[in-house]
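To keep things clear, I will list the structure first and then write my remarks on it.
The values are calculated or read from the model by the stated rules, or taken from the named source; none is laboratory data. Worth saying up front: this structure is predicted, and the values here are computed from it rather than measured. Backbone-built Cβ (ideal geometry, glycine too); neighbour counts: all protein chains shown.
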Amino acid sequence: RTYPALTPLTATVRRKPSTTDGAPFAALSGISLPVTLTARAGTLESTSTGGFLFTHHGYSGPAVLDVSHVAVRSCAEMGAPARLVVSWTSLNDKDWESALGPRGSRTVLTAVAAQLPHRLAEALIEFAGIDLRRTLSQLTRDERLRLIDILVRCELPWSGDEGYGKAEVTGGGVRLSEIDPKTMESKIHKGLFLCGEMLDAFGPIGGYNFLWAWATGRAAGLGASHTQ
């Protein structure tokens, strides 16, 4: 079985059988920033730190592409969507507690926007149920902890993926255990040599999949020539 890998994820919300609303974060389309993103589904888990991009349909960027295979497989193999959890900055709970501590008339928005794009800061504060005009000294402890949780462990809503049309590679394929690693010949069908995306292997974004295709292609070609 194969599936699209290194593909953008969508976040449309279906209200009625015949209508589909835009992505919950559609207003943030075009904003990009470095994040740490984790996709988790049962025993499947992948974490990536890198670029994240809000799109009109959902999310893209290297961090999203690198963990998308867990999301895609969770629906196809488990029938339940993976959890996507994002840490919006490199700051941890303790760092944010310090940044959001009472400081005179400084607002919550000013403190959060010092670390994040302004529109995203507004969206996350509102998602936490906090008025954008509130000052840090007016925050209750529960509000502060709720906001920190969103900043460090925000669960992203998502609904699907953009499929093979946008996928960088194909996941799945022939098991590596069924291939002779020296010649790339199938152990099941003699005389059949396989390489690249035909095999159940792929790497993160960044050229690794080209290298895999070239290296296994060369090995398969040499293997096939030696059988003649």
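Tabulated data for the structure shown
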| read-out | value |
| --- | --- |
| One residue from Arg73, Arg83 being of a type outside the set (Val, Ile, Thr) and surrounded by fewer than 19 Cβ atoms within 10 Å (Cβ to Cβ) | Arg83 |
| Odd one out for Thr2, checked against (1) under 30 Å from Arg175 (Cβ atoms); (2) surrounded by fewer than 15 Cβ atoms within 10 Å (Cβ to Cβ); (3) at pLDDT 95 or above | (3) |
| Any chance Asp180 is of a type outside the set (Val, Ile, Thr) and either within 18 Å of the chain's Cα centre (by Cα) or assigned by TED's automatic domain parsing to the domain that holds Thr107 (or both) | no |
| 3 or more residues at pLDDT 95 or above and closer than 20 Å to Thr36 by Cα: qualifying helices (runs of 4 or more DSSP H) within the range 77-141 | 93-99, 118-127 |
| Set Thr55, Thr43, Thr47: member being surrounded by 21 or more Cβ atoms within 10 Å (Cβ to Cβ) and among the hydroxyl-bearing types (Ser, Thr, Tyr) | Thr55 |
| Residues (part of a loop (DSSP other than H, G, I, E, B) and surrounded by 13 or more Cβ atoms within 10 Å (Cβ to Cβ)) located in the range 164-179 | Ala167, Glu168, Gly173 |
| Ile188 vs. criteria more than 25 Å from the chain's Cα centre (by Cα), surrounded by 15 or more Cβ atoms within 10 Å (Cβ to Cβ) and either acidic (Asp, Glu) or outside any helix (DSSP H, G or I) (or both) | no |
| Test set (1) buried (at least 17 other Cβ atoms within 10 Å of the Cβ); (2) over 20 Å from Asp93 (Cβ atoms); (3) basic (Lys, Arg) - Arg133 fails condition number | (1) |
| Subset of the range 192-221 that is assigned to a loop (DSSP other than H, G, I, E, B) and modelled with pLDDT of 95 or more - its residue that is farthest from Thr49 (Cα to Cα) | Leu192 |
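Conditions tested, residue by residue: (1) touching a Phe, Trp or Tyr at 6+ places or on another chain (Cβ under 8 Å); (2) of a type in the set (Val, Ile, Thr); (3) on the phi > 0 side of the Ramachandran plot.
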| residue | (1), (2), (3) |
| --- | --- |
| Glu45 | no, no, no |
| Gly58 | yes, no, yes |
| Arg73 | yes, no, no |
| Met78 | no, no, no |
| Arg83 | no, no, no |
